[in-house]
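Quick notes on the structure that follows.
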Amino acid sequence: MNKEVNEGESKPFIYDYTLEQIQDWVKEHDEAAFRAGQIFDWLYVKRVVSFEEMTNLPASLRDKLNDSFRFVTLNEITKLNSKDGTVKFLFGLHDNHAIETVIMRHNYGNSVCVTTQVGCRVGCTFCASTLGGLKRDLTAGEIVAQVVQSQRVLDAEGQRVSSIVIMGTGEPFENYEATMTFLRLMIHPKGLNIGARHITVSTSGIVPNMIRFADEGTQINLAISIHAPNDTLRSKLMPVNRRFPFADVINACHYYIEKTGRRITFEYALIGGVNDRPEHAEELATVLQGMLCHVNLIPVNYVPERDYVRTPRDDIFEFQRILQKRNVNVTIRREQGHDIAAACGQLRAKHMETTTG
Ligand code: SF4
């Protein structure tokens, strides 16, 4: 184990700390209370990359910060720019793991798709992220840093991160505490101040934490990776369905809607010949009809390790038409960054191949 890893493990990451925790730290170190606000401002508003740059702090305080915290930003291993403006990063962590983050451009602004775990243990059969299993959870700060670093890239263009989607690698509700700390930091008015309604958490259906999330009382959006209209097919595509069956997931969705009054999104990856037939659309419509929801159809990207094929264009439109006819809100997700392997986990999978030989 090299020195950098030892050092990385012994000190907390400054972005793991909430404003309240920085306030406590400042107090414990006999510094004036207003210093906490200044530190937070340097982190989130001025977005410096070292404590040395926090020039309105006394040198002695900067030394204390250096002694107490790690301030490594994520190490950019790869940055790919797509023709459509999508930017995809492969970031290295202090322990040599790699994670993906994506900036996407929309007509309503820029969104960042973040990763919450190194790998994933949920095992969805259409997903490259799960192939190597779960390596570890990310800390809140490692999730925060993905957005801060994306914002630094956008700063150069005079633009800002206007929305966040937690749809990268990992199951956020299996790393619940870190995800919630991250979310609180993102919506903090003295930080990046991103509106809760502009943030979406996507889960494969970890029912107890869906309930917990509904009870949090935030206005953050919830998306469910549903991908099948019934238990049998969903269990084949998503082993997590054996732990949390289809009906329980749908009931938890009703609970979220009832508690928050917010519309829920269902992500449905269309896989040729598997879950994309008209009867699947009819069955899905029966489950969702009358619910305050929206369905996002996602034609699957080819994952070389699986033998799934893409749904033909006409069949995608037919699936959409059936849902529409039954008054279920539905759109087809616009593909972004297709020329730079933007499908979740593909860049990291390639990196793992090259680093593990
Ligand atoms: S789709 Fe999401 S939850 Fe499923 S294996 Fe991939 S990263 Fe995990």
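Points to keep in mind about this one:
- Taking segment 125-157 as the range and being of a type in the set (A, V, I, L, M) and out of contact with any Gly (no Cβ under 8 Å at 6 or more places or on another chain) as the test, the residues that pass are Ala140, Ile143, Val144, Ala145, Val147, Val148, Val153, Leu154, Ala156.
- Residue satisfying all of: in segment 92-103; of a type outside the set (D, E, K, R) and not in a strand (DSSP E or B); farthest from the ligand (Cβ to nearest atom) among these: His94
- Selection within segment 104-117: residues that are away from the ligand (no atom under 11 Å from the Cβ) and assigned to a strand (DSSP E or B). The member of this set that is surrounded by the most Cβ atoms within 10 Å (Cβ to Cβ) is Val112.
- Residue match in segment 74-91 (condition: away from the ligand (no atom under 16 Å from the Cβ), of a type in the set (Phe, Trp, Tyr) and within 30 Å of Val240 (Cβ to Cβ)): yes
- Taking the numbered list (1) at pLDDT below 95; (2) under 23 Å from Thr179 (Cα atoms) in turn, Val114 passes all entries but (1).
Yes/no matrix, rows are residues, columns are (1) among the basic types (Lys, Arg); (2) buried (at least 19 other Cβ atoms within 10 Å of the Cβ); (3) assigned by TED's automatic domain parsing to the domain that holds Phe213; (4) closer than 22 Å to Thr130 by Cβ:
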position	(1), (2), (3), (4)
Ser162	no, no, yes, no
Val165	no, no, yes, yes
Thr169	no, yes, yes, yes
Phe173	no, yes, yes, yes
Met180	no, yes, yes, no
Leu185	no, yes, yes, no
Asn193	no, no, yes, no
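- Condition broken by Gly195, with the remaining ones in (1) within 16 Å of the ligand (Cβ to nearest atom); (2) more than 29 Å from Asp314 (Cα to Cα); (3) not hydroxyl-bearing (Ser, Thr, Tyr) satisfied: (1)
- Qualifying residue in segment 221-235 (condition: on the phi > 0 side of the Ramachandran plot, under 20 Å from the mean Cα position of the chain (by Cα) and in contact (Cβ under 8 Å) with a residue 60 or more places away in the chain): yes
- Residues satisfying the stated conditions in segment 20-38, i.e. touching a residue at least 40 places away in the same chain (Cβ under 8 Å) and buried (at least 18 other Cβ atoms within 10 Å of the Cβ): Trp25
- Residues in segment 164-192 that are within 16 Å of the ligand (Cβ to nearest atom) and farther than 14 Å from Ile103 by Cβ: 11 in all.
- Residues that are in contact with a helix residue (DSSP H, G or I) (Cβ under 6 Å, 6 or more places away or on another chain) and within 15 Å of Glu100 (Cβ to Cβ) were ranked within segment 133-163; the one that is nearest to the ligand (Cβ to nearest atom) is Ile143.
The values are calculated or read from the model by the stated rules, or taken from the named source; none is laboratory data. This is a predicted model, so every value here is computed, not measured. Because the Cβ atoms are built from the backbone with ideal geometry, glycine has one as well, and the counts that use them run over all protein chains shown.
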